[in-house]
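Everything below concerns the one structure shown next.
Throughout, read-outs are computed from the coordinates displayed, never taken from laboratory work. Bear in mind the structure is a predicted one, so any value in this text is a computation, not a measurement. Glycine gets a Cβ as well: all are built from the backbone with ideal geometry, and neighbour counts include every protein chain shown.
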Amino acid sequence: MAKYFWIFFILLLIWMFIGYLLCKKFICSPALPIVTDTCAVWDVDDGNKDIFDINNNVHFQRSRYNHLISYTNVNDAITTAANYLKNNTNRALTITGLYDTLETNPHNLLPNLGLARADDVKSWLESQQVSSTQININSKIVDRACYKGDTLRRGVEFAFGEAKSDDARLAAIKDRLFGKPIMLYFNTGSDVPNITAQHRQDFADLFYYLDQVPGASLDVDGHTDNVGGLNANVTLSQNRADDVRNYITTNGGVPTARMNTNGFGPNSPIAPNDTPANKALNRRVEVTLK
């Protein structure tokens, strides 16, 4: 009898151990936390007012600033934001473009890729007749961007607030740039200007000023050295001025109607045309805030 007792006792222990393992694996384990894909959540409000809430965002290819298209709910969200701004002219939107430090910036007129992405979405809203005075752009570095392959799935953030201009920034820009030409230089025979980091900051300020001051405009004046015939140089300088105007329109969204172009050829040098270095100074386009 004792023999059967011990057999039964051992079987009971085995059964209890197996039950413990099954419970731990399938029944008794604590509930796993629900993981939310923040890349697929875009919830935008203005105070207590919901603007939109979608499981998507504006997408960009890696190291590119033009948004990808064919996302219906994103298109609808942009239209909703545009209509809200048009119906509430006392409200403004700050668009923050996201980027990571491993990306490169192909935009030659803005300081970083985040600003370029924000400016691209700004142009998208402006195409739906939103006033540029209601849109500001910003940028933010993200350590772990929401990439799937080479596609950034969360490219911008939206934040609404009171529509007001930054008077201190406008005053600083006017003091630094109003009536003072930004010089863009060219290699011999080239129509493509050499853009520096300082140019990018200058143009970011120019674009902000033009957005906030509707009466402001730009003079875009082309100049050459004295190599070649006069008529050819005047034509070249006008072509360079027109190219820079179009470049500013394409990369900064400034309407061509707000820019005046002129080609002066070699007639207004800023240095003697006696050395290669001085000739390089004369091959320029001057962009002047007026």
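Taking 20 °C and 1.002 mPa s as conditions, the stretch 220-290 diffuses translationally at an estimated 174 µm²/s according to Stokes-Einstein applied to its Kirkwood radius (Cα pairs). Axis angle, to the nearest 10 degrees, between helix 72-87 and the longest C-alpha principal axis of the chain: 60 degrees. The mean sequence separation of alpha-carbon pairs under 8 Å and at least six residues apart, normalised by the residue count of the stretch 168-289, gives a relative contact order of 38 percent.
Working from Cα positions, state the angle (0 to 90°, nearest 10) between the long axis of helix 197-212 and the longest principal axis of the chain. Result, in degrees: 90. Taking the stretch 38-164 as the region of interest, the number of lysine pairs whose Cα atoms are within less than 24 Å, with members eight or more places apart or on different chains, is 9. DSSP beta bridges confined to the stretch 168-289 are antiparallel in about 65 percent of cases. Placing R0 at 30 angstrom, the Cβ-Cβ distance between ASN90 and THR196 gives a FRET efficiency of 0.20 after rounding to 0.05.
Between ASN278 and ASN66, the contour length at 0.36 nm per residue exceeds the Cα-Cα span by 72.5 nm. Averaging over all projection directions, the Cα-based convex hull of the chain occupies 24.8 nm² in the image plane. Residues ASP219, ASP175, arranged from fewest to most other Cβ atoms within 10 angstrom of their Cβ, appear as ASP175, ASP219.
Antiparallel beta bridges, as assigned by DSSP with both residues in the chain, represent about 70 percent of the total such bridges.
Spin-label model, LYS290/ARG176: points 7 Å from Cα along the beta carbon direction are separated by 2.3 nm.
Mind checking the angle between helix 230-252 and the chain's longest principal axis? C-alpha axes, 0 to 90 degrees, to the nearest 10. The answer is roughly 30 degrees.
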